[in-house]
Amino acid sequence: MNFEIILDSLPQYWQAAWVTLQLLFMSLLIGLTVAIPLAVLRAANNPWFSKPIWVFTYLIRGTPMLVQLFLIYYGAGQFEWIRESVAWPYLSSAWFCAVLAFAINTCAYTTEMLAGAIKATPIGEVEAALSMGMSRVKMFVRILLPAAFRRALPAYSNEVIMMLHGTSLASTVTIMDLTGVAREVYSRHYLPYEAFIVAAVFYLTMTFVLVAIARLAEKHFLKHLVRKAH
């Protein structure tokens with residue numbers, strides 16, 4: 001192991017780690033924001049609402065995220081009407097395309113998680129809220145969605161970790177995230193172990209922190225289930 005090269009490259013890795021975290025949290029924020037209303041419609045009994053969303057989530061979950069990223073970043077530019085539209089300054093940006101692709105991907109998975117959690121809500125909770133005079137909107141905001149979030153939290157924690165690892169694909173569209181910097185260090189010094197082991201350590205550290213945060217959140221929000229189990 002060439003520790004001198006590792007130490008010299010650490011500033012690049014730290015900067016790349018910040019890029020990776022920005023990609024992760026922006027994608028999660030956008031994906032979750034869009035997934036909430038989609039999950040409500042996905043869980044609806046009306047097929048006019050639920051079926052189109054099912055098609056969307058099926059297509060996204062059924063195709064690799066790398067293919068989705070390439071279709072957005074490389075595919076959009078082949079259409080002249082897109083290049084001449086107001087959207088082109090955004091679609092020509094690697095950063096925008098990466099965040100868009102990651103957000104769409106996590107949105108599809110999160111939509112199915114939340115929809116399943118909504119459907120799993122005991123009907124008694126809904127009936128009790130309505131019997132107290134709550135409107136359906138208030139019932140969704142105060143009862144149904146919070147309960148669904150608690151049920152979906154363990155699965156969503158795994159989704160966050162998977163998205164962290166998925167951000168490594170951003171390097172394929174020229175973004176200098178952790179994997180991108182590792183590739184650059186490797187191409188400059190021809191030291192694959194040093195380059196990618198350092199990146200792996202950064203990913204492992206971030207995963208450890210995210211898992212710890214997820215466990216604290218689960219311990220707080222799911223403590224009532226633990227009491228019932230005892």
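The values are calculated or read from the model by the stated rules, or taken from the named source; none is laboratory data. Just so it is clear, the model here is predicted, and its values are computed rather than measured. Positions of Cβ are backbone-derived with ideal geometry, glycine not excepted, and every protein chain shown enters the neighbour counts. The accessibility values were calculated without ligands, DNA or RNA, using every heavy atom of the protein model including side chains. Shrake-Rupley method; radii C 1.70, N 1.55, O 1.52, S 1.80 Å.
Observations on the structure shown:
- Accessible area per residue for segment 1-116, computed on protein heavy atoms with a 1.4 Å probe, is 57 Å².
- In the chain, the DSSP-assigned H stretches of four residues or longer account for a calculated mean residue ellipticity at 222 nm of -25500 deg cm²/dmol, using -39500 (n - 2.57) per stretch and the full residue count as denominator.
- Note: relative contact order over the chain, using C-alpha pairs below 8 Å and six or more positions apart, is 27 percent.
- Selected from ALA94, ALA120, TYR58, residue furthest toward positive end of dipole (the chain; charges at beta carbon): ALA120
- Percentage, to the nearest whole number, of Cα pairs in the chain over 24 Å apart: 56
- Helices that extend 30 Å or more along their long axis by alpha-carbon positions and average at least -0.5 on the Kyte-Doolittle scale are, among the DSSP H runs of the chain, 3-42, 94-119, 192-221.
- Summarising the amide proton neighbourhood of ALA44: residues at separation of 5 or more, or on other chains, whose placed amide H is nearer than 5 Å comprise an empty set.
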